[in-house]
Amino acid sequence: MNKIGILNYQYSNHNYGAVLQAAALSEYINTNIGVTAEHINYIPNFKVVGILNKSKKLVKKVLLTFGLFKTEKIDHEAILNKETFENFRTQWLPRTNAVYTSLDELQEKNFSYTHVIVGSDQVWRPSYAGTESLVYFLSFLNNDVKKISYAASFGTDKWDLEQAATDLISEQVNKFSAVSVRESSGVELCQDVFGINAQHVLDPTLLVGREFFDRICHSTEHKKSSGIVYYKLDKSDDFLELLSSFEQQLGFNSKDIYFDKFNGDAAYHNVDDWLSYIKNSEFVITDSYHCVCFAILFEKPFLCYPNPTRGLARIHSLLKLLGLEKHFYDGESKCQDIISELMSVDYKKIELRLTELRIESANFLKLALSIKE
């Protein structure tokens, strides 16, 4: 019997999209394709923050206290209740019992999988994986295990690694039996950099569809969102000004669904609560790829307020694929000039397009996993 391994950023303790897309992929394979899939519980052993960085954070906190520092960046280490992400994984995400923290540990394990899938998320963005990048190109597997990428993302439309590192990665990618990527620019990078053909497929959240996420939200259906919810990874004065304009134009209050603050301490929302806030909202503003996906799945009017430092290729590609380019904020338009267009999305048309793309994406997975009708 086939047993499938999956590798991605499921271990995240601050990224809602990372854990939800991971759960979506294993759910789809287990339920819709009918083979057993589990996540390889790889949790990179990140370096401990040094004394210098701790000192900088302390100085910054003092400046914030006295109003001398204008923009507060998110310090994930300072936010409480990271266990909310682990609680979600325990309920919704099958994983190996063993935890692996390095490429060396993975290489020592003789995995019994017939296939291993890497993806989705920005697993092929070396700046995210650092020195452990080869893990996400499945270099630790024996040659008898079929290697597959599903909706792997480079995050950007550029490849900036030096030639020596590129050659190492290219050697591994060319061992894959099937390659798919999440963005159209990823198809081009695979061809131009590695000389391989890749298929453009849907992110697992869009592949599995709304019903799965309705089930996740079920226990929190009684919780209602404010009219506008926003999930902004980096806030700016311009963003807050635009948010205020939407509040005035729509007549809604807004809610930050990244985390709540209690007596000066920040705490993450439970993952099902975070999802429920989007589902029960009237309008969504975000710079997050997966928050855009959930706005689409729950058929919400939305605006993507771009964040160039986190990669725009993935969002451009998704919006173009679904004919939703007008939902990408150009940085200049006034709220009153775009709001009527944003509020009138034809989601029947979008769902028809998603249905076509789901069939193509599902066929890729079935063929890659050697599943016969």
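The values are calculated or read from the model by the stated rules, or taken from the named source; none is laboratory data. These numbers were taken from a predicted model, which means no experiment stands behind them. FYI the Cβ positions are ideal-geometry reconstructions off the backbone, even for glycines, and counts take in every protein chain you see. The accessibility values were calculated without ligands, DNA or RNA, using every heavy atom of the protein model including side chains. Shrake-Rupley method; radii C 1.70, N 1.55, O 1.52, S 1.80 Å.
As for the stretch 352-367, it holds no residue that is outside any helix (DSSP H, G or I), out of contact with any His (no Cβ under 9 Å at 6 or more places or on another chain), open to solvent by less than 80 Å² (accessible area, probe 1.4 Å) and at pLDDT 95 or above. With respect to VAL208, is the statement that it is more than 18 Å from SER26 (Cβ to Cβ) and modelled with pLDDT of 95 or more true? Criteria not met by VAL208. Among residues that are open to solvent by 30 Å² or more (accessible area, probe 1.4 Å), under 21 Å from the mean Cα position of the chain (by Cα) and of a type in the set (S, T, N, Q), THR90 is included. Would you point out the residue of the stretch 1-34, among those that are assigned to a loop (DSSP other than H, G, I, E, B) and open to solvent by 20 Å² or more (accessible area, probe 1.4 Å), that is farthest from LYS82 (Cα to Cα)? Top of the filtered list is MET1.
Scanning the stretch 143-164 turns up at least one residue that is more than 23 Å from GLU108 (Cβ to Cβ), hydroxyl-bearing (Ser, Thr, Tyr), open to solvent by less than 40 Å² (accessible area, probe 1.4 Å) and assigned to a loop (DSSP other than H, G, I, E, B). Taking (1) in contact with a helix residue (DSSP H, G or I) (Cβ under 9 Å, 6 or more places away or on another chain); (2) free of Cβ contacts under 8 Å to residues at least 60 places away in the same chain; (3) assigned to a helix (DSSP H, G or I) in turn, LYS348 satisfies each apart from (1). Applying a threshold of 9 Å to beta carbon distances and a minimum spacing of six or more residues, or different chains, the list of pairs starting in the stretch 100-111 at a residue that is without any contact (Cβ under 8 Å) to a residue 60 or more places away in the chain and ending at one that is open to solvent by 70 Å² or more (accessible area, probe 1.4 Å) and not hydroxyl-bearing (Ser, Thr, Tyr) reads THR101/ASN45; SER102/ASN45; GLU105/VAL99; ASN110/ASN142.
Only one entry of ASP265, ASP256 meets the criterion of being of a type in the set (Asp, Glu) and touching a residue at least 60 places away in the same chain (Cβ under 8 Å), and that entry is ASP265. In summary, GLU211 fulfils each of the numbered conditions (1) in contact with a Leu (Cβ under 9 Å, 6 or more places away or on another chain); (2) part of a helix (DSSP H, G or I) with the single exception of condition (1). One residue stands out in the stretch 117-142 among those that are crowded, with 21+ Cβ neighbours inside 10 Å and among the β-branched types (Val, Ile, Thr): the one that is farthest from HIS200 (Cα to Cα), namely VAL135. Among the numbered conditions (1) modelled with pLDDT under 60; (2) open to solvent by 90 Å² or more (accessible area, probe 1.4 Å), the only one that GLU77 does not meet is (1).
Looking only at residues of the stretch 183-199 that are open to solvent by 50 Å² or more (accessible area, probe 1.4 Å) and touching a residue at least 40 places away in the same chain (Cβ under 8 Å), we find that the one that is farthest from VAL173 (Cα to Cα) is SER184.
Restricting SER333, SER370, SER340 to those that are open to solvent by 60 Å² or more (accessible area, probe 1.4 Å), farther than 26 Å from SER149 by Cβ and polar (S, T, N, Q) reduces the list to SER340.
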